[in-house]
1. Return the total of residues in the stretch 125-159 being in contact (Cβ under 8 Å) with a residue 12 or more places away in the chain and farther than 21 Å from Arg280 by Cα.
2. Please determine whether any residue of the stretch 84-92 is among the charged types (D, E, K, R) and open to solvent by 50 Å² or more (accessible area, probe 1.4 Å).
3. Restrict the check to the stretch 236-243 and report whether at least one residue is under 30 Å from Ala179 (Cα atoms), among the aromatic types (Phe, Trp, Tyr) and not in a helix (DSSP H, G or I).
4. Just name the residue that is nearest to the chain's Cα centre (by Cα) out of those in the stretch 73-127 that are under 22 Å from Ala178 (Cβ atoms) and modelled with pLDDT under 95.
5. List the number of the failed condition for Val183; all other conditions in (1) within 12 Å of the ligand (Cβ to nearest atom); (2) assigned to a loop (DSSP other than H, G, I, E, B) hold.
6. Restricted to the stretch 263-297, and to residues that are among the β-branched types (Val, Ile, Thr) and over 13 Å from Ala41 (Cβ atoms), which residue is nearest to the ligand (Cβ to nearest atom)?
7. Name the single residue that is least open to solvent (accessible area, probe 1.4 Å) among those in the stretch 124-152 being away from the ligand (no atom under 16 Å from the Cβ) and over 17 Å from Pro100 (Cα atoms).
8. So in the stretch 8-21, with the set limited to residues that are touching a residue at least 24 places away in the same chain (Cβ under 8 Å) and part of a helix (DSSP H, G or I), which one is farthest from Ile77 (Cα to Cα)?
Amino acid sequence: MFDNLTQKLTQTFKNLRGQGRLSEDNIRDALRDVRLALLEADVALPVVKDFINNVRESAMGEAVVKSLTPGQVFVKIVHDELVQLMGAHNDSLDLSARPPAVILLAGLQGSGKTTTSAKLALWLKDKEKKRVLMVSTDVYRPAAMEQLVHLGKDIEVDVFPSSPGQQPVRIAQDAVEAAQRGVYDVLIVDTAGRLHVDGEMMAEAQALTAAVKPVELLFVVDAMTGQDAVNTAKAFNDALPLTGVILTKADGDARGGAALSVRAITGKPIKFIGIGEKIRKGLEPFYPERMASRILG
Ligand code: GDP
């Protein structure tokens, strides 16, 4: 992730350091390079514009220009702005609700919802010592339901049984009751997706949200789809009270545009990133500070 961006920014900073002092001219050149690097990384245009304006404002400050190490100060400004863009700190899950805390995962088909449900369940079980129940409400794809059952067995997390003949809302409500009876701490609801944003899918996600009142409503999105990921995030965020985003397939995303744009466009934090197909080791909490340092190499 971010390989190209890191390469481009490293070159920009090298050029700047070679100049000794900062001037309006070389700041302008550096900003142009940063702008191009962000656009090539597939960062959304309005996000790039704001980013460059903020960096320009800070970099033009007298203290920067007069500093003994203006190049380094410029790098620090870009670093801080990247951290700001991605959300400053890690927003972890809010599971403070009366058990079961319901986590609902929404997103397009193929984005990685089912895989992520299992990854998240395992993370909650191992790291947070939670008793987790999972359920699939994807009545349109029996294979998806079977996949969740199979993954549950593999990671030793219980799965509430569901079948294609049932109503999604009913399944979810029954699962909440079962979770209450079984004294589970967390219920993860894996919902149906479609290939594209569509009204029916949104209506179903809204009905599920109203029925089970999730404490976390997470939008799962494939990082490799770049600007499409951001547009889809916006559509879901407009229709649903999302609490955060899980960015999957970050391991296959060399550009990083979605990671850098999603928060600015939706106002919702990225809470986790998917970094591989494996259920074990395939999910990490998202730390903006670490990401920014990684980007700057
Ligand atoms: P769903 O339709 O949204 O439930 O998507 P699935 O969970 O079935 O995932 C679709 C495909 O994406 C599967 O082949 C997963 O193994 C793969 N996948 C999910 N998350 C990741 C990830 O973080 N990295 C990689 N490389 N593949 C992933």
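1. 6
2. Within the stretch 84-92 (the criterion being among the charged types (D, E, K, R) and open to solvent by 50 Å² or more (accessible area, probe 1.4 Å)), the answer is no, since none of the residues qualifies.
3. So far as the stretch 236-243 goes, no, none of its residues is under 30 Å from Ala179 (Cα atoms), among the aromatic types (Phe, Trp, Tyr) and not in a helix (DSSP H, G or I).
4. The selected residue is Leu93.
5. The number of the failed condition is (1).
6. Filtering the stretch 263-297 for residues that are among the β-branched types (Val, Ile, Thr) and over 13 Å from Ala41 (Cβ atoms), the one nearest to the ligand (Cβ to nearest atom) comes out as Ile275.
7. Here the residue is Asp126.
8. Result: Lys8.
The values are calculated or read from the model by the stated rules, or taken from the named source; none is laboratory data. In this text the structure is predicted, and so the values were computed from the model without any measurement. Neighbour counts run over all protein chains shown; Cβ positions are idealised from the backbone, glycine included. The accessibility values were calculated without ligands, DNA or RNA, using every heavy atom of the protein model including side chains. Shrake-Rupley method; radii C 1.70, N 1.55, O 1.52, S 1.80 Å.
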